[in-house]
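Q: Take this structure first; my questions come after.
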Amino acid sequence: MVVIAAVSGILFLAALFFQPITSSYLNVVLNWAIVLTAITLLVAISNLVITHLRYIAVGRRGFLFSLVFIATFAATFVFGILRGSDDTQYLRWIKAIQLPLETALLGLLALVMMSAAIKIFRVRGWSILTVSFGLSALLFLFLNLGFFPIAQNSTLFVVVTALQKLPVVGARGLLIGAALGAVIAALRVLFGQVVENE
Amino acid sequence: MSNLNQTDILAVVIIILIIFLTLLAVILAKRSTKKPLQTPQVFDGIDTLMHRSSEEGKTLLIGLGEGFTGLGTGLGDTTGLMVEKFLMSQVVFNDKPAHSYSADGGLACLSHMVVRGAYEDAMATELFRSDHNQLAGPGPFAGIAALLPELARDDNAGLVMMGSYRPESILIADMAERKNVPLIFASGSVPAQAAFFVTEAEIALGEDYYLPDVGKSNQDYSQVSSKVLNWLRILVAVGLVVAAVLKLSGVLP
């Protein structure tokens, strides 16, 4: 099983680099992956529905959430089947519920992030890392607001432009490190080393 | 004929280089008598949470993130599953079983196999229940919304979040702080790491996420990967400096 998975993964990786020749093969595999992904989602949702039905049946604490979930899931599912997932009316209903919910969540998120940013020194203490984190967050927040007429002063403009490149430099450094880590972890999975080591 | 562009060639070179360096690190690791590299502190926190869960008879929650079947995620995001496998093998006989939550169908199915496998390995399949592993929701926001009420329960020993996350997941950290539930966060996403840095959570910074070393598990792999990562970092840094000098001196266009 592991050998089959590893060989398939390596072949797929190799095929990615020889696109014009292997395009048809890649499309077939990609279609299989899409179908498989859809099936896994279906299986996972079935499991979720069964679990929540069980919670309702045994009267687990907070089972009202389960009731809401089952009711909304059933309504969405039935209307989706009856009217089709492309139906404009159906999509409007979904949007009318989902948009306010997600907007409210994002509003809440802004507040939480702000309060967390204020608490950082209490939580992490005063160190070079926290001070530089807090100062740079404030500095780049103000710089990117665009309120300061820095373009009028050429020296200031050069300094601020150089400063504004710092987050990009830092992000690139972090991303290169994270990408290398991701490739190493992925190659490990691809070669089936996960099973061998544990 | 295939028409490999510059980026493809670079990707092939990096992959071959990583494979070569890994083999070299494995060979050197057998001969080396040096002190092993220190493992990321965040993974020691997982050990502590496991013991707390056993001793206090409380539930350990595991968040596996938004998974790896969606766009923009990769095989590296299965690191959470690796940790879950080890965690589950340690907490199978706890009074309160550990619960895993994923915000992706594919990840939920894989996690189901991992959790069930842990019970099978412990020859205790009669203790396994399908709600030990759940799909929290088929998307990041749904995942957050489903995890929050579970976190609000009184009998939680801690929460381990490992996988692909967005900065929005900070809402979970806020809830954990309010409920005094210890939180360990490790993700490959840099924006999510920055968001969680301002919380009380123990976090893995940079590429530490890809070097899981919990308890005695994965130690060899972690050591070898760390060495390869260090060598690659040196190579990349040297490459960048040389390229910058060449660019400044006008050799590179």
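Q: Fewest to most neighbouring Cβ within 10 Å: what's the order for B:TYR101, B:TYR165?
A: Going from least to most buried by this count: B:TYR101, B:TYR165.
Q: Check the straight Cα-Cα distances from A:LYS119 and name the lysines below 23 Å, setting aside those fewer than 8 residues away within the same chain.
A: Filter leaves B:LYS179.
Q: How large is the helix-only mean residue ellipticity at 222 nm for chain B, computed as the sum of -39500 (n - 2.57) over DSSP H runs with n ≥ 4, divided by its residue count, in deg cm²/dmol to the nearest 500?
A: -17000 deg cm²/dmol
Q: Let me ask you something else. Rounded, prolate or oblate for region B:149-251? Axes are the square roots of the Cα gyration tensor eigenvalues, ordered a ≥ b ≥ c, and the cut-off for rounded is a/c under 1.5.
A: Oblate, because a/c is 1.5 or more while a/b does not exceed b/c.
Q: Sticking with this structure for a sec: Just how far, in whole angstrom, is region B:179-253 from region B:26-63 if you go by their alpha carbon centroids?
A: Cα centroid to Cα centroid, the span is 18 Å.
Q: 5 Å is the cut-off here: which amide hydrogens, built 1.01 Å from N in the peptide plane, fall below it relative to B:TYR101, excluding neighbours closer than 5 in sequence?
A: For B:TYR101, whose amide H was placed from the backbone, the distant partners under 5 Å are B:ILE62, B:GLY63, B:LEU64, B:GLN134.
Q: Turning to a different aspect of this structure: With chain B treated as a Gaussian network of Cα nodes joined by springs under 10 Å, which of B:HIS99, B:HIS51, B:HIS112 yields the largest mean-square fluctuation?
A: Of B:HIS99, B:HIS51, B:HIS112, the most mobile in the Gaussian network model is B:HIS51.
Q: Can you compute the charge dipole magnitude of the protein assembly as shown about its Cα centre, using +1 on each Lys and Arg Cβ and -1 on each Asp and Glu Cβ, nothing else charged? Give it in debye, rounded to the nearest 20.
A: About 760 debye.
Q: From the phi of every residue in region A:39-45, what ³J(HN,Hα) in whole Hz does the Karplus formula 6.51 cos²θ - 1.76 cosθ + 1.60 yield, where θ is phi - 60° and glycine or proline is x?
A: Residue by residue, region A:39-45 yields 5, 4, 5, 4, 4, 5, 5 Hz.
Q: Which of these, B:ALA103, B:ALA176, B:ALA29, has the largest mean-square fluctuation under a Gaussian network model of chain B (Cα springs below 10 Å)?
A: B:ALA29
Q: Let me ask you something else. Pop a pseudo-label 7 angstrom from the Cα along the beta-carbon direction at both A:VAL160 and B:GLU55 and give the gap in nm to one decimal.
A: Taking the simple label geometry, A:VAL160 and B:GLU55 are separated by 5.5 nm.
Q: By its C-alpha gyration tensor, with a ≥ b ≥ c as the square roots of the eigenvalues, how is chain A shaped: rounded for a/c under 1.5, else prolate for a/b larger than b/c, else oblate?
A: oblate
Q: Does the protein assembly as shown come out rounded, prolate or oblate by the C-alpha gyration tensor, with a ≥ b ≥ c the root eigenvalues, rounded set by a/c under 1.5 and, if not, prolate when a/b is larger than b/c and oblate if not?
A: rounded
Q: Return the sequence-ordered ³J(HN,Hα) values of region B:174-185 in whole Hz as given by the Karplus equation 6.51 cos²θ - 1.76 cosθ + 1.60 applied to θ = phi - 60°, using x for Gly and Pro.
A: 4, 5, 4, 5, 4, 8, 6, 9, x, 10, 10, 10
Q: Now for a separate question. Between region B:77-136 and region A:78-98, what's the alpha-carbon centroid distance in Å?
A: About 35 Å separates the Cα centre of region B:77-136 from the one of region A:78-98.
Q: Say each of B:ARG153 and B:LEU240 gets a label point 7 Å from the Cα, pointing the same way as Cα to Cβ; how far apart are those two points in nm?
A: Distance between label points: 4.5 nm.
Q: How big is region B:1-44 by Rg and Dmax over its Cα atoms, in Å?
A: Gyration radius and largest Cα-Cα distance of region B:1-44: 16.7, 51 Å.
Q: Separate question: For region B:41-210, I need the span (max minus min coordinate) of the C-alpha atoms along each principal axis, in Å, sorted largest to smallest.
A: So the three principal-axis extents are 41, 32, 28 Å.
Q: Could you check the spin-label model distance between A:ALA137 and A:ILE50? Points 7 Å from the Cα along Cα→Cβ, value in nm.
A: 4.4 nm
Q: Using +1 at the Cβ of each Lys and Arg and -1 at the Cβ of each Asp and Glu in chain A, identify which of A:ALA117, A:LEU82, A:LEU53 lies farthest towards the dipole's positive end.
A: With unit charges placed on the Cβ atoms, the residue in question is A:ALA117.
No value in this document is a laboratory result; all are computed from the given coordinates. Everything quoted here is computed from the prediction, not taken from an experiment. Here Cβ is always computed from backbone atoms with ideal geometry, including for glycine, and neighbour counts include all displayed protein chains.
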